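Worksheet for the structure shown next.
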Amino acid sequence: MKCFTCGSEMSIHKNSLFHYTNSGLSKVFLRGIKTIKCRNKSCAEEEVIIPNIEELHQLLAEKIARQSNTLLPEEMRFLRTHLGFSGVDFAKAIGVSPETVSRWEKGTVKMKEASEKLLRVLILSKFAPFRNYDELVEFASKSTKTPLKRFFKIDHSHWQESGAA
């Protein structure tokens, strides 16, 4: 395989741990990911192969929605975009101003508990009816200032959580 940038040969590497930031979440790490790197050290071209990325994002959304910690700004943004909403459309759907959504996602204003629970239920009911009403009590019951480190691994082309810290 040839590098698109410089034409040099590329080599495949299997990463033991890949820091996945393209989701917008700062502390997501993937195990078993392959990267293709240019052998030309001055080029530094690199491609990352993440199989079944839709399943990975769904799993991430579910894990975030089920956590007992309050949602952090980056998690709110991830969940909103995972649902397919723009900031304006999300604001309209839940009855707040677009500026309010922007302030939540910048961390300048704290999301109200009812709005946070609604966002979580929207995620959890995306592919199946939400019926675990006892779980609502746990949502946002703990405060945090930093995101959890989340580790995921690919196993036979399916994603699973392999730990959180």
When you scan segment 1-45, how many residues do you find that are touching a strand residue (DSSP E or B) at 6+ places or on another chain (Cβ under 8 Å), surrounded by fewer than 17 Cβ atoms within 10 Å (Cβ to Cβ), of a type in the set (Ser, Thr, Tyr) and assigned to a loop (DSSP other than H, G, I, E, B)? 4
Does segment 120-144 hold any residues that are among the basic types (Lys, Arg), touching a residue at least 12 places away in the same chain (Cβ under 8 Å) and loosely packed, with under 12 Cβ neighbours inside 10 Å, and which are they? 142
Give 97, 102, 143 a once-over and let me know the one that is within 20 Å of the chain's Cα centre (by Cα), more than 22 Å from residue 22 (Cα to Cα) and of a type in the set (Gly, Ala, Ser). 143
Please tell me if residue 102 is touching a helix residue (DSSP H, G or I) at 6+ places or on another chain (Cβ under 8 Å), of a type in the set (S, T, N, Q) and exposed (fewer than 12 other Cβ atoms within 10 Å of the Cβ). no
Residue pairs meeting the criteria (Cβ under 7 Å; at least 6 apart or on separate chains; first at positive phi, in segment 37-55; second outside any strand (DSSP E or B) and modelled with pLDDT under 90): 52/157
Which condition from (1) closer than 30 Å to residue 144 by Cα; (2) touching a strand residue (DSSP E or B) at 6+ places or on another chain (Cβ under 9 Å); (3) surrounded by 13 or more Cβ atoms within 10 Å (Cβ to Cβ) is the one that residue 73 breaks? (2)
Of a type in the set (Gly, Ala, Ser) and either at pLDDT below 90 or under 22 Å from residue 159 (Cβ atoms) (or both): is that true of residue 32 in this structure? yes
Does residue 116 fit the bill of being surrounded by fewer than 16 Cβ atoms within 10 Å (Cβ to Cβ), touching a residue at least 24 places away in the same chain (Cβ under 8 Å), closer than 30 Å to residue 138 by Cβ and not aliphatic (A, V, I, L, M)? no
Hits in segment 79-88 (condition: in a helix (DSSP H, G or I) and among the hydrophobic types (A, V, I, L, M, F, W, C)): 79, 88
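Mind checking which residues of segment 47-71 are closer than 23 Å to residue 132 by Cα and among the hydrophobic types (A, V, I, L, M, F, W, C)?
Filtering segment 47-71 down to residues closer than 23 Å to residue 132 by Cα leaves 55-71.
The answer is 56, 59, 60, 61, 64, 65, 71.
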Got a number for residues in segment 46-77 being more than 9 Å from the chain's Cα centre (by Cα), hydrophobic (A, V, I, L, M, F, W, C), farther than 18 Å from residue 113 by Cα and assigned to a helix (DSSP H, G or I)? 1
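Out of all the residues in segment 89-148, which are of a type in the set (D, E, K, R) and not in a helix (DSSP H, G or I)?
First, the residues of segment 89-148 that are of a type in the set (D, E, K, R): 89, 92, 99, 103, 105-106, 110, 112-113, 116-117, 120, 126, 131, 134-135, 138, 142, 145.
Passing the criteria: 110, 112, 126, 131, 134, 142, 145.
The values are calculated or read from the model by the stated rules, or taken from the named source; none is laboratory data. The model shown is predicted, which means the values in this text are computed figures rather than measured ones. Positions of Cβ are backbone-derived with ideal geometry, glycine not excepted, and every protein chain shown enters the neighbour counts.
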